[in-house]
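Student: To start, I am sharing the structure in question, which I have written as structure tokens.
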């Protein structure tokens with residue numbers, strides 16, 4: 001095949017995967033993992049059954065693809081916030097600003113829903129927890145950052161694991177609430193999340 005033909009094929013492949021991904025995001029957000037079917041995804045994508053199954057032979061494969069993409073988006077956000085100068089507390093504040101700014105935008109909000117579903121449905125999807133563990137290692141950067149900020153006296157003392165749980169519980173809680181109240185998006189600020197740390 002000529003280079004031009006290969007490029008055309010690759011463009012068609014990327015376009016098909018993009019359509020399936022967008023359709024799957026909408027369907028999983030509306031129906032949840034258990035009630036979503038490949039037929040739902042196929043209908044929303046506007047692609048033929050054969051083409052959808054060519055790229056994703058099962059609902060599980062589509063879901064893994066969405067989880068992987070969500071974690072990649074998350075990893076980029078974390079790296080951008082943490083791979084910069086400043087104190088641990090300054091990095092926590094920067095990360096929070098980035099997360100609030102990105103997590104609740106239209107498409108990223110749907111990816112937030114995917115991560116929430118992945119956490120609640122992990123037992124019914126073989127290998128999902130292990131997959132998240134392998135692809136979500138950037139989350140492990142958070143506990144040492146909290147300890148460093150505590151040692152510097154910038155935030156209150158306390159179990160870093162408990163603090164992290166409270167921090168992410170707020171993100172997941174707002175994600176759930178926004179499924180029914182989109183107007184909430186404009187009211188969420190980084191300051192709400194930073195109160196979890198009891199900064200001085």
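Student: Checking residue 154 against (1) farther than 23 Å from residue 72 by Cβ; (2) modelled with pLDDT under 90: exactly one of these is not met. Which one?
Tutor: Unmet for residue 154, out of (1) farther than 23 Å from residue 72 by Cβ; (2) modelled with pLDDT under 90: (2).
Student: Please go through region 58-108 and pick out each residue that is farther than 20 Å from residue 186 by Cα and either in a loop (DSSP other than H, G, I, E, B) or in contact with a strand residue (DSSP E or B) (Cβ under 8 Å, 6 or more places away or on another chain) (or both).
Tutor: 58, 83, 84, 85, 86, 87
Student: Scanning for something farther than 27 Å from residue 84 by Cα, surrounded by fewer than 16 Cβ atoms within 10 Å (Cβ to Cβ) and more than 19 Å from the chain's Cα centre (by Cα), does region 138-156 turn up at least one residue? If you could, list the steps in order and put the result at the bottom.
Tutor: Filtering region 138-156 for residues farther than 27 Å from residue 84 by Cα gives none.
No, region 138-156 contains no residue that is farther than 27 Å from residue 84 by Cα, surrounded by fewer than 16 Cβ atoms within 10 Å (Cβ to Cβ) and more than 19 Å from the chain's Cα centre (by Cα).
Student: Continuing with the same structure: Please pick out the residue among 157, 150, 140 that is more than 19 Å from residue 113 (Cα to Cα), free of Cβ contacts under 8 Å to residues at least 12 places away in the same chain and in a loop (DSSP other than H, G, I, E, B).
Tutor: On the way: 150 fails: in a loop (DSSP other than H, G, I, E, B); 140 fails: in a loop (DSSP other than H, G, I, E, B).
Residue meeting the stated conditions: 157.
Student: When only residues in region 8-39 that are farther than 14 Å from residue 60 by Cα, in contact with a helix residue (DSSP H, G or I) (Cβ under 7 Å, 6 or more places away or on another chain) and touching a residue at least 12 places away in the same chain (Cβ under 8 Å) count, which is surrounded by the most Cβ atoms within 10 Å (Cβ to Cβ)? Spell out how you get there, then give the answer.
Tutor: Kept after step one, since they are farther than 14 Å from residue 60 by Cα, are these residues of region 8-39: 8-19, 22-23, 26, 29-31.
Pick out the ones that are also in contact with a helix residue (DSSP H, G or I) (Cβ under 7 Å, 6 or more places away or on another chain) and you get 16-17, 19, 23, 26, 29, 31.
After this cut, where a residue has to be touching a residue at least 12 places away in the same chain (Cβ under 8 Å) as well, the list is 16-17, 19, 23, 26, 29.
Details: 16: 17, 17: 13, 19: 18, 23: 20, 26: 15, 29: 18.
Taking the candidates together, the pick is 23.
The values are calculated or read from the model by the stated rules, or taken from the named source; none is laboratory data. What you are looking at is a predicted structure, and each value in this text was computed from that prediction instead of being measured. Virtual Cβ from ideal backbone geometry, glycine too; neighbours counted across all protein chains shown.
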